[in-house]
Every structure is written in structure tokens, then in C-alpha cells.
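What follows is one structure encoded as C-alpha cells, with my remarks underneath.
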Amino acid sequence: MADVLVSSLVKTIFGTLNSLALREYEIASNLETELQNLESTLTTIQAVLQDAEQKQWKNEAVKNWLRKLKDVAYDADDILDEFAAKAFEMGSSKKHEQQNAVAEEKNKFHLTDNVGDLETDEDREWRLTSSLVNESEIFGRNEDKETVINGLLASLSDPNDDVWNENYEKWECFRNPLKVGAQDSVVMVSTRIEKVALNMATLPIYHLDYLSDNNSWLLFKHHSFLMESKEEYLIELWIANGFVPYRGRRDLHEIGEEIFLELTWRSFFQEVAEDSDGTVTCKMHDLVHDLALSIMRFECYMFGNNESFESPKKIRHLHIPIRSSFLNPHLERIVVDKQYNLVKSCSRLPQSTSCLQKLRIMKIFACRCLRELPQGMKHMISLKCVDISHCDSLERTPPGIGYLTQLLELSIFIVRKEHGCGIEELKELELRKELSLKDLDNVTGSTEAKSANLIRKPKLRSLRLIWGKNAGEHPDNEEEVLGSLQPHSNLEDLRISCYHGLRLPHWWMDLPNLVLVELDQCKRCSHLPPLGELPVLKFLKIRGMDAVKCISNEFYGNGVNPFSSLEKLYFDSMPSLEKWKTVDRGGDFPRLQFLSFRKCPELIELPKFPTLKKLRISTRNNDFVIDNPDLGSLEIHALSSLTFFPSGLLQNHTYLEELTISSLPNLKSLSNKLDHLSMLKHLSIDSCNNVEDIPEAVQNLIALESLFLSECHSLVSFPGNGFHCLPSVRVLTIMSCERFVSLSDAVRHLTHLEELSLVGCPVLNSLPAEIQHLNALQKLEFSWCDGLTTVPNHIEHLTSLSELTFSFCHNLMSLNQSLKSLATLKELTIWGCPHLENRCKKEGGEDWPYIAHIPSIRIMPLDDLPYYGKRRSHGSFLKRFGDWTYGLSRQLLKYKSDS
């Protein structure tokens, strides 16, 4: 298999040798003879590669020769890259001597010349399969067999099994004699390649589905993992490594997409799927992944977090998890790399990075501390992609970006007034995907703005226009600049931020493909643009437009069916918005599913939206009315002035299934407000510190399935005494309720409860005896319950319990014998419980006999838990919990990979 990659390299080198740019440089530099000798040597080597592939498995010397050949082929490719970049100075003669030496070495192995793509007998032999199989070794195909037999409706003869050839002319020659066969005779073709099936099919193609889990376990004695990747990322890697061949002036990314589709047709990828946002993901079987690692083990290297900078000498592809202290001048050692993938945090990259003249892809995604890129970046002339998205601290873009003529992706460009940092640097770049233009207040006028040439960038899909700290000083100039930054009509995503002009541009209607629009902090604009005319707009967010007082007819535009595709609409921080004038044309917002109003204190009433399913509101107005009886989900939050619920908020919501009430610190009662919500399934009450009657308020919700109570500091016990309802509740979470003492005896009525989580309840010290009646309970969690000193009594009666968690229960002294009775318990997790760490050790721990029968036990000491030091920091429990879980997720991933 090694020669396959060498052949790919050799083909790439031949392509580079024949490139126009290189030929021009060859003539100018008097290197014609040198390059002809290189081409002759490569031709000699290429002729024997096919034979070498067959012999390498039996001849270690041939395998070593192929490895040497790959090294010098890489060297040749590097030199030619330098030629093409006009950076070649010296060294070609020495490299050519090495290539000749390797070419001569092939004679030792008596390799046969096989020019062309002829397939050897051994190549074909491994593919041959037979219809004569041992039926006892076949699993899960009985139904498929019956379907195929019934489809053929005749005897089955001469099956062609596992066919690979895709050549249509050959298939026609093969089919012709079959057309004159005996009546009722049938030929069945099986193949892994859909093209073959399409060429041969006379009946509908029958696709075999994946085996069921049970049958897969029968077939495989061990579990096989699938390696998941994104199509976009794979194509970028292929381009970076030179695997995508040049075809005239065609875009390499488009060619890469064709290759991906071809490999999908050949079933090389598995479980290819497209997300709602268009992201295509696929999976690679672990055997294929292991094969790739075996082939490339001398050329690819991934550093661990704690490794020093030592890598194999012949390394070609390097992945570095960056720490701020990690980057140093040693990076000059990897100047031959063609991919440079940086993660984690660092404030700047070393200036030596600009020496990577063959680098094609630079990804520094979400490096939030990064402030500076190498000043000499303009010399990295092979760059095709610079992904610095979500690098929020970046202060400037290096000068001379316009010199990077091959650049296709640049996620952020920060406009400066210094030479080489102006927006005109973008003029000749054929950018695609996404671009954020920042500090547009440094653009002096329309002429300079037009020099960015955005209107001639048809492959740009997402554009963000952001003004900086000096925005508002010259509002007339800002209007002029924005009016001259018109993008191409293919744009799908447009966001405008911190713009201080009085008017938005006229070119909205020239962007018919917009799917997402966001207007953020356009504080001086008093009128909304006619966004209702955009035919495919699905997502609209308007935030911080302080001067807008009314949503009126101009917002809808002059179209017959305004907002015909809009699904999600957000209004946020609109302090002057008082009224929404409806324009009843019989078809407004026909697809709107989600509507959010946050910090719109003066708004009193909303129009009726027939298709609306989810509404999120935040208002200080006690007279607010919601007239959407078909609403399925409602979120009410940040109503700081409310002491009681407005009468119009929860009326006529017969079909409401989800309700969230949060951040109502002065609300005192919910009694009788929820009783008529007969279809409510999910209820969340968060940060309502003074509500004292939660148990009584929820007791008549007969359809309720999940209940989440958080930061309700007046809650002492749950459910209420005399409580007999909530027969359907399956999930109960009580979090950060500082005065919560215990579940009440009425918990016995929660007969369908499957999950119970008690988190951040510091005075909770026990559970009532009635928990023994919770026969359906499967998951039980105690976290940050400092009052808990022993495992609650009667836990041994939970006959369905499968998962038990204790985390950060600092005073939990020991486990007890009751755990031995939990025969169904499959998983025990103990994190940050210092008294249990030694007691639960497998070797000699006092409590180990109580838990030894549990299949999965996860114990993590306090010192090993990430972000633990922040647990005592200021802020809400949820914030501290978030700090902890951010780091914990990585520990979980590491744990799963280790186990």
C-alpha cells in the first residue's frame, strides 16, 4: 500500500513539472536541463512501482526502498513548490543526486516495469468472492433473502457476486449475450458500488441495510468503532496534502467534493448524513483508520498535552495542542509541513511561522487569547485557508494579505489605516465561505469600501460587517461605506454590528438568497428595512436598535406573502419599541415557529401568529397579552418587577406542553396559575427566590413528565403534604435550593419516577423511608449536598436502579452494605468525595466489598477534577457548575478512551 501514496506523490510532481508557472520560472532561471533530468528519473521510478507494491509484503528490503522513495519524492515535491513560489535558491543538484541513488537501488530487487494502470492477477484475486458460502456463518439476512427471491420471481442462476468494474462499455458487452438466454433465467448482481448497480439494473436496486446490533455482535466478537469526520474538513486535508489533482482552472474544493462523492458511492465512507445546516458528516471504519495509521506512521505525528517538542525526523504532518508556553522557535523544524492545526490558547504565534512557505491550511479556531498573527504572513504564499474564526482577542491582521493570491478562505480581516492593512487588500482575493470585516470605522469612504470588491466574490456565503470603537464619530461616512460594501447576490448569511448610520443600505433586495440576517447594535436606525421581501429568509435577529419605536408596514415590504420562509425571529434590547402594527394580508409569517422578545419593556401586545410553536418573552409590563392558543412552548423570564402573574400570560393555552419560568425574583405565588394547563409535560422554574407555593401550584398538572426546580430558595420540601397527583412525572431535578431539607413522605406517589437529581442542596441530609416505593427509579444523583453524611436508608429497595452518582459530597463519610443488594446497578460514579477515595479502592478499600459487583465504577479524586478551584468563586451555583463542567467534559472523553 505504500506505493499508492508514492504514486500519488509522483503524479502530483508530474503535474507541477508541467505547470505553466513553473515552466516560466524554469526558462527564466536556466533550469530546463535540471528539471528534465528530474522528470526522467521519476519516469524510471514510476514504471516499477506496481511490481514493488506486490513484493513489499514478502520482501522487507523492497518495503524499505519504497519508504526511501517516498522521502525523496516528498523532497522533490517540496523543491518544486519552492520553484513555483520563486523561492528556490540552491540545493536542487544535491536532491537530484539522492533521487538518482534511489532510482538505481531499484535494480537490486529485479522489479518488473508495468507502465499504466494494468491490474495484476493478485490485485484481482483478493476481490474475488463466491456465491458458495457456509450459511451457518451468515447473520441477519433472512428477510433480505426472502425479499430478493420474491423480487426475482424465478430460479436464481449465475449470480455475479461483489462486482467492482464500473466501465459502462464493458457492461454492455457482458449484457448482450445474457439477453438471449433461456426463458425465465435470471442473473443477479451484487456489488458495493452503486454505479455498477445503476449500469446493470433491469429491476429496482435492492439496498442491503446495516446489520442489527444483535446480529453485529454475533458476527463480530469485539466491538468496532467508527471514526467520524466532516466532509469539509476532509476536503481541506486532501487539498493541504496535495491529494486533489489540478484540472485546468477548476476550483480544487469542487474537485474534492467530487472525490468525496466517488468514495461515498464506493462505500468507503459509512453513515453519510447531512445536518440541518448543510454540514455533511461521515464515518470511517476503525479497520480503515488503523490501516491509514499503519501506512502513514512515519509521516504523521500528534503531540500529547504533556509531551516535549520531539518528533520523528521525517515528519510531514503535525498536530500540536497549543499551550501558551509551547510555541517556540523549534517550529522552524516543521517548515515542510502542509497542514498546521492549532488549538487551545496562546497570545501570539512566533514570527518564524511565516517561514512555512508551503503551508496551505492554517486553522487557529477559537483561540480566544490570540492577539497577533506573524507580521511576515504575506510571505506564506501557498496559503489557501486561514481559519481564525472565534479568535475574539485578535487585534490586527498582518499587512500585505493581498499578496496571498491563492487564499480562498479568510475568516477575519481587521481594517487598519497603516500601509498594507486597508480593505483594498481583499480586492483580488477570490474568497469563499465566511468573512468578518472588523473596525470598518477605519474605512475612509465609498471609494475605499468599493475596493474590497465584495460584489465580485460569488463564493462568499457569510459576511459580517462590524464597526469598531470609533463608530459614531462620522455617521454620514458610515452610511457611505456600508452602501459601498454590497456583497454578491449569492450571499446567504449577513450580520451588521455596531453601525451608527441613520439608514440601512438599499441593496437588501439584491440579496435574494439570504437565509440569515442579524442587525446588532445599530442604535441610530429608527426604521427597519423591508426584510419581508427576502424569499428564503429563515432566521432573523434584531438587537440593540434603540431608536425603533414601531414595527410597521415598511418591515413587511411590498411582497404578496411577506416573510414566507421565516422560522425563527428574535428581538432583543429594544428599549423604545412600543407597538407592532399588524398588516393583515392573509399570509404573513406562514412558517414562523419560534419568537423571542427580550428586554422590550414598553411592548404591550403581539400579533397573532397561527403557526407559532414556541414563544420566549421578557417584559416589565403587567398588561402584556399573548393571543396564540396553539402555542406549544412558552418561556417567561427576567420580569424583575412582577410580584404576581399578569392575567393574560397563561390564559387560553390549551395545547401548551413546555413552560419555563425564570428570573422572577419578586414573584411570590404561582397558586392557581397553572391549573388549567392540562397538556403541560415539561415545567422549569428557575431563580424565583420568593415563590413559596410551588408544591401546591404544580399538583394538578396531570400530564407533567419532567419538573426542574432551580434556585428557588423558599422551597423547603417537595412534594406537598396531602399530595396525590403527578402520576406521570418521570424526571425530577431540584438544584441549588439552599433551604431544601428533604423530599416529603408524599414522594411515594411519584410511582413513575425514573430519574431523580438532587444538586446543590447543602442542608439535605436524608431521604424519607417512602423512597422505597419508587420501583421505577433508574437514575439517582446527589451532587454538592454537603449535609449528606451517609448513604440514604432504604436505597436497597430501589429494584430498578441502574445508575448512582455522588459528586462533591464532601461530608459523605462512607458507603454501606445496602449497595450490595442493588442487583440492577450498572454504573457507580464518585467524583470529588474525599472520604470515599481510599475506602472504595479495589485493593483493600473498606467499602470495596459493597460495590465490587457493579460493572462500571468511576472514581475521580478531588485533585484530579478540572476547574475545582473555581467552585468557591463568586456567582450563582449554575455559573460555578458551568465552570466545572467545561473542563470535566475533556476528562470524560479521556476516561472513555482509556477504558
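The values are calculated or read from the model by the stated rules, or taken from the named source; none is laboratory data. These numbers were taken from a predicted model, which means no experiment stands behind them. Cβ coordinates were reconstructed from backbone atoms using ideal geometry, including for glycine residues, and neighbour counts include every protein chain displayed. Just so you know, the surface numbers come from the protein's heavy atoms only, side chains and all, with ligands and any DNA or RNA stripped out. Shrake-Rupley method; radii C 1.70, N 1.55, O 1.52, S 1.80 Å.
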The number of Lys pairs in the range 422-474 whose alpha carbons lie under 19 Å apart, excluding pairs fewer than 8 residues apart on one chain, is 10
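On a full-extension model of 0.36 nm per residue, what is the gain between His207 and Lys469, subtracting their alpha-carbon distance, rounded to one decimal in nm? If you can, show how the numbers build up before the last one.
Details: separation 262, 0.36 × 262 = 94.32 nm, distance 5.92 nm.
The span from His207 to Lys469 would gain 88.4 nm if fully extended.
Would you kindly state how much longer the chain becomes between Ile295 and Leu263 on full extension, computed as 0.36 nm times their sequence separation minus their alpha carbon distance, in nm to one decimal?
Working: separation 32, 0.36 × 32 = 11.52 nm, distance 1.90 nm.
Gain on stretching Ile295 to Leu263: 9.6 nm.
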Spin-label pair Ala547/Asp630, simplified geometry with 7 Å Cα→Cβ offset, distance in nm
3.8 nm
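For a 23 Å ceiling on Cα separation, which of these pairs sit above it: Lys579/Lys668; Lys613/Lys668; Lys230/Lys384; Lys70/Lys358? Write out the running numbers ahead of the final one.
On the way: Lys579/Lys668 30 Å; Lys613/Lys668 28 Å; Lys230/Lys384 19 Å; Lys70/Lys358 18 Å.
Pairs exceeding 23 Å: Lys579/Lys668; Lys613/Lys668.
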Quick calc, Ile857 & Arg495: beta-carbon distance into FRET formula, R0 41 Å, rounding 0.05, result 0.25
Charge tally in the Cβ shell below 13 Å around Gly501, where Lys, Arg are +1 and Asp, Glu are -1, Gly501 excluded:
-3
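Add +1 for every Lys or Arg and -1 for every Asp or Glu among the other residues with Cβ under 11 Å from the Cβ of Leu519, and state the total. Working shown, then result.
Working: positive: Arg495, Lys523, Lys541, Arg543; negative: Glu518, Asp520, Asp572.
Once positives and negatives cancel, what remains is +1.
How large is the accessible surface per residue of the range 517-614, computed with a 1.4 Å probe and reported in Å² as a whole number? Display every interim value, and only then the final one.
On the way: 4270 Å² over 98 residues.
About 44 Å² of surface per residue is accessible.
Want the number for Arg250 to Asn700: 0.36 nm per residue separation, take away the alpha-carbon distance, what's left? Intermediate values should be presented prior to the final figure.
Working: separation 450, 0.36 × 450 = 162.00 nm, distance 6.60 nm.
Separation in residues times 0.36 nm, less the Cα-Cα distance, equals 155.4 nm.
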Expressed in nanometres to one decimal, the distance between label points 7 Å along Cα→Cβ at Val716 and Thr654 is 4.1 nm
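Round to the nearest 0.05 the FRET efficiency obtained for Arg616 and Ser451 when R0 = 45 Å and r is the Cβ-Cβ distance.
Working: r = 42 Å, r/R0 = 0.94.
The value I calculate is 0.60.
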Taking square-rooted eigenvalues a ≥ b ≥ c of the alpha carbon gyration tensor, is the range 475-598 rounded, prolate or oblate, where a/c under 1.5 means rounded and, failing that, a/b exceeding b/c means prolate?
oblate
To the nearest 0.05, how large is the calculated FRET efficiency for Asp510 and Lys58 if R₀ is 60 Å and r is the Cβ-Cβ distance?
0.35
